[in-house]
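Visitor: One structure is given below, represented as structure tokens, and several questions about it will come after.
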Amino acid sequence: MKTRRTKKIVLGVLIAIALLAGIAPLGSARAESQPFKDVSQADYYYKEVMAMYQQGAISGYGDGTFLPQNTVSNAEALKLVCLAAGFTFSAQADASKPWYTDVMSFAVEKKIADAGTDPNQAASREEMCKYIAAAFNIPLQAGTDAFTDTDSSLANTLYEYGVISGIPNGDGTLSFGGGNKVKRCEVCVMLFRAKNTVQSSSVQALPSVTEESSAQEDEPIVSTSAEPFVLDLSHYQVARPDSFSSFDDYVNAWSYMLANAVLCEQFRLEGSYTRAELTQIMTKAQNAFYFASFDYMEYYSFLNRWKISAMYSLDENGNCLDPTITLRLSNVFGISDSEILREISVFKESCAQIVTNLFANGTLSTAMTAKERAYVLYRYVAQHVVYDSSSTLYSGYNAVVGGTAVCQGYTAMYNYLCNIAGAPMVSMTGSSGGNGHVWSRIFSNGVWYNIDSTWGDPTTGDPNYCDDSWFWVSDSYLRNAGKPRSFDSDTLIYG
């Protein structure tokens, strides 16, 4: 590498070799005080949004925004309300049906929503209040007259319980604004207050039920956790590297982008480089992506196409002066950036609610070891996701929301659940029987153990069955088992 500066004679030249690779898909609370650039302490919803964010119940977008004024659909509102109230329900197994099929069916069955509710229509404030009152089993009361624009017992009851506070009219009175479309910030406020209401008053939420345990519908949720649990988001607190000069920097750059769903990032190199030197840097940066994907398979399942390019000036010797390297992530199936970011947000919020519920009902406990927590979640994934025989559903969103995915979706969902539950999990890619495959790995007591949540999936027709033979097994076991597999890490060179 040459560092001596010389006169620039050509400006704005794009490197001739831009690396573009689309990978073929395989068969503790956050410490940030200001995570969203469009949410400030001056906003009335600041406390609730921050609390919900720190609990892992909501998330923002890859550009650092929360978009608090955006509306939510009825289906999205119902999913958030039901999960916040402690419900669990079987995920939609039929990939040909919309993701919200199970949500809507469950909400209608439990009389949380009417049968004619349009899942795609933006929810109103009144509809959101109705969902909350029904899901949290808040009895409607008469006697209060809080609003100038309605005498609704629903609105007045939720006002009394502190779930809503009304819209100031400017003259000291309040309006309910029931016909207004409910916003993301309002959803946070309402759900945060509703959960506190249920926990601090005589109001009792409807019991959590699953199709497998419907006989216990009348039993309340009782937590057996030794102490309160806070979602562990430490694995995803990845900072942008300060430099871009070593292979570790390249891996960290991709890890930062994946963990934070950052779609595009630029790194400036100081000095003069030959074209061969610059191409070598870009090639190493491309190889580094594989190592980052091992640590963040949950995000790689969404962002599995990458592009590396460089912009530079030429000096008088034809060398590349002070090049800027651009790393770009997108989806190999052509799903738009905005849709991918939306799916990631829903994926994270859904996983956070699953783990929160499992701790709330005692299925998970802070007294458990990492292995015990990993096993609970191994069985959970096996019993809530079915394999996608069409081989078209790859992401964690497909697994969590649709209940159907290939191994990549299984692993993405499992890894995220484990990581936020305190069982630090990464992944490995390889092949078995000539087919590409991905599974999970955990480092415990100086040894790597493998967990294949896809192969733990029931194959007997019994929804409660789980194949435990693929849980917490050694590398040698996988290499020599009845279904031996290879490890891609054996063919990769770090650095």
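Visitor: Please go through segment 158-196 and give me each residue that is assigned to a strand (DSSP E or B) and over 17 Å from residue 145 (Cβ atoms), ordered by number.
Guide: Of everything in segment 158-196, those that are assigned to a strand (DSSP E or B) and over 17 Å from residue 145 (Cβ atoms) turn out to be 181, 183.
Visitor: Right, another one. Being crowded, with 22+ Cβ neighbours inside 10 Å, under 23 Å from residue 63 (Cα atoms) and of a type in the set (D, E, K, R) is the requirement here; does residue 339 meet it?
Guide: no
Visitor: Quick check, is residue 415 in the same structural domain as residue 477 (by TED's automatic domain parsing), part of a helix (DSSP H, G or I) and out of contact with any Leu (no Cβ under 9 Å at 6 or more places or on another chain)?
Guide: Answer is yes for this residue.
Visitor: On to the next question. So for segment 417-429 (the condition being over 16 Å from residue 379 (Cα atoms), over 23 Å from the mean Cα position of the chain (by Cα) and at pLDDT below 95), does at least one residue qualify?
Guide: Scanning segment 417-429 turns up no residue that is over 16 Å from residue 379 (Cα atoms), over 23 Å from the mean Cα position of the chain (by Cα) and at pLDDT below 95.
Visitor: So is residue 379 over 26 Å from residue 490 (Cβ atoms) and either modelled with pLDDT of 90 or more or more than 15 Å from the chain's Cα centre (by Cα) (or both) or not?
Guide: yes
Visitor: Right, next: Quick one: in segment 286-315, of everything that is polar (S, T, N, Q) and within 23 Å of residue 341 (Cβ to Cβ), which residue is surrounded by the most Cβ atoms within 10 Å (Cβ to Cβ)?
Guide: The qualifying residue surrounded by the most Cβ atoms within 10 Å (Cβ to Cβ) is 301.
Visitor: With respect to residue 132, is the statement that it is closer than 14 Å to residue 194 by Cβ, part of a loop (DSSP other than H, G, I, E, B) and assigned by TED's automatic domain parsing to the domain that holds residue 101 true?
Guide: No; evaluated as a whole, the condition is false for this residue.
The values are calculated or read from the model by the stated rules, or taken from the named source; none is laboratory data. All figures in this text were calculated on a predicted structure; none of them were measured in a lab. No Cβ is skipped: glycine too gets one built from the backbone with ideal geometry, and neighbour counts run over all protein chains shown.
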